[in-house]
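Worksheet: one structure, shown below.
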Amino acid sequence: MMEAMRLWQDLPQRMRDAIGFKQTGVTYLARDASRMAAFEHWLDQARPYGIDTRMLSRSAVEAMLPNSAGWIGALQTPSDAQADPLVTVPVLARAAVADGVIIRECSAVLGLEMSAGSISGVVTETGTVRCTRVVLAGGAWSSLFLAAHGVKLRQLSVVSSVFTTTNLPAGFACGAFADDRLAIRGKAAGGHNLTAWSSNKFFIGPDAVRNFGAFLPHLISDFRSTKLRPAAPEGYPDAWGTPRRWNNTDQSPFERCRILNPHPDMASMAQLQSQFASAFPSIGAPEIVASWAGMIDVTPDTLPVVDHAPIPGLVIATGMSGHGFGIAPAMAKMVAAIVEARAPQHDLLAFRYGRFFNGSPRHVSSAI
């Protein structure tokens, strides 16, 4: 995370201004001693990396926020920052193009072309791109794509809903903060984004059944916040009717469903409004002006997979578990090192592909 923050800060000032990059800080709030203990444990592990994260007392929290929710303390990182992905990604894309990168949009990838057991090209709906090295950063689609090439990936996806509020009273915290129920982030243009901290909707499908054992510890630890649904919308990666095998001459699942755009869970939104009103009774339930949802790809231990795939020439970079945008600069730097056969500057052992298949111990944490 520190590497990602440094790389964000190293962007030219004009680019940081263009994407609205601001160091607003992030605060994780605790309602009980067990959560404070989890924060302390996390901080003990993170201190050697030179972060400016600190523990806050109840009085410090009360000075920062109305404390009707009964928060007894918090974990805060003042240097944490925010930027709008909808603005940032096009800005970075234009900078990449100016640097010689070719970006081809609206062209679904159908599969890999192999020669003598190694990659020789990527087959797209508009033609084959000849290459010997490929990075798969397909998010929620990654497991389906790999399975079609005989490669297993322990990955599932959940739906998370978000809504934007009207402007809240002057003086209300404009940074980002979260407790075990809700997460709030101030927007530069006014208003706040509000989402459930851990409440997600999960569609049961073939991959969910196959990976049940691997994800069982995660499900047990987070059972109350997961809403199970019997089937995904038609065409989604783990829908019952989505093909698992296809030829490069067939219409692929990626052409049938080009954009994952799930409907927001409005029942969840109503619950969030009530929880916000309970936490801040002087403000009450905020008005919703916009809402949306997204598919978050997760692994059994909520850590990414960044490693060589069993297919020579293929590198996997997926399973960011909701943190992909924030850690993107650092991850991109490490992926580039792997592709170019250079030694990454960081230890990537925790992100290795084989950890889900070789009996490696895994720890599921939802503290932050």
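Observations on the structure shown:
- Residue under evaluation TYR236, criteria (1) on the phi < 0 side of the Ramachandran plot; (2) over 21 Å from the mean Cα position of the chain (by Cα), criterion not met: (2)
- Taking the listed residues MET55, MET36, MET64, the one that is exposed (fewer than 15 other Cβ atoms within 10 Å of the Cβ) and under 26 Å from PHE276 (Cβ atoms) is MET55, with no other qualifying.
- Subset of the range 259-284 [crowded, with 16+ Cβ neighbours inside 10 Å, in contact with a Ser or Thr (Cβ under 8 Å, 6 or more places away or on another chain) and farther than 30 Å from GLY235 by Cα]: ALA279, PHE280
- Given (1) hydrophobic (A, V, I, L, M, F, W, C); (2) outside any helix (DSSP H, G or I); (3) more than 21 Å from the chain's Cα centre (by Cα), number of the condition LEU75 does not satisfy: (3)
- When residues of the range 152-189 are limited to those that are touching a Leu at 6+ places or on another chain (Cβ under 8 Å) and among the β-branched types (Val, Ile, Thr), the one nearest to GLN82 (Cα to Cα): ILE184
- In the range 34-89, the residues that are farther than 25 Å from GLN9 by Cβ and of a type in the set (Gly, Ala, Ser): SER34, ALA37, ALA38, SER57, SER59, ALA60, ALA63, SER68, ALA69, GLY70, GLY73
- Of all residues making up the range 330-346, the number that are in contact (Cβ under 8 Å) with a residue 12 or more places away in the chain and over 13 Å from PRO304 (Cβ atoms): 3
- Pairs are defined by a Cβ separation below 6 Å, a sequence spacing of at least 6 or placement on different chains, a first member in the range 308-329 that is within 19 Å of ASP297 (Cβ to Cβ), and a second member that is in a loop (DSSP other than H, G, I, E, B) and not hydrophobic (A, V, I, L, M, F, W, C); the pairs so defined are GLY319/GLN155; GLY319/THR299; GLY319/PRO304; MET320/PRO304; SER321/THR302.
- Selection within the range 43-63 - closer than 15 Å to VAL26 by Cα and either in contact (Cβ under 8 Å) with a residue 40 or more places away in the chain or in contact with a helix residue (DSSP H, G or I) (Cβ under 7 Å, 6 or more places away or on another chain) (or both): ILE51, THR53, MET55
- For the range 222-246, filtered to residues that are exposed (fewer than 13 other Cβ atoms within 10 Å of the Cβ) and touching a residue at least 60 places away in the same chain (Cβ under 8 Å), the residue that is farthest from LEU153 (Cα to Cα) is ARG245.
- Within the range 192-221, the set of residues being surrounded by 15 or more Cβ atoms within 10 Å (Cβ to Cβ), touching a residue at least 60 places away in the same chain (Cβ under 8 Å) and farther than 16 Å from GLN155 by Cβ comprises HIS192, LEU194, THR195, ALA196, SER198, SER199, LYS201.
- Residue within the range 101-117 that is closer than 30 Å to ALA81 by Cβ and among the small types (Gly, Ala, Ser) present: no
- Flag for THR299 being more than 23 Å from SER79 (Cα to Cα), surrounded by 19 or more Cβ atoms within 10 Å (Cβ to Cβ), among the polar types (S, T, N, Q) and touching a strand residue (DSSP E or B) at 6+ places or on another chain (Cβ under 6 Å): no
FYI, it's all coordinate maths here, none of it is from the lab. Remember, it's a predicted structure, so these values are computed and weren't measured experimentally. All Cβ positions, even for glycine, are placed from backbone atoms using ideal geometry, and neighbour counts span all protein chains on display.
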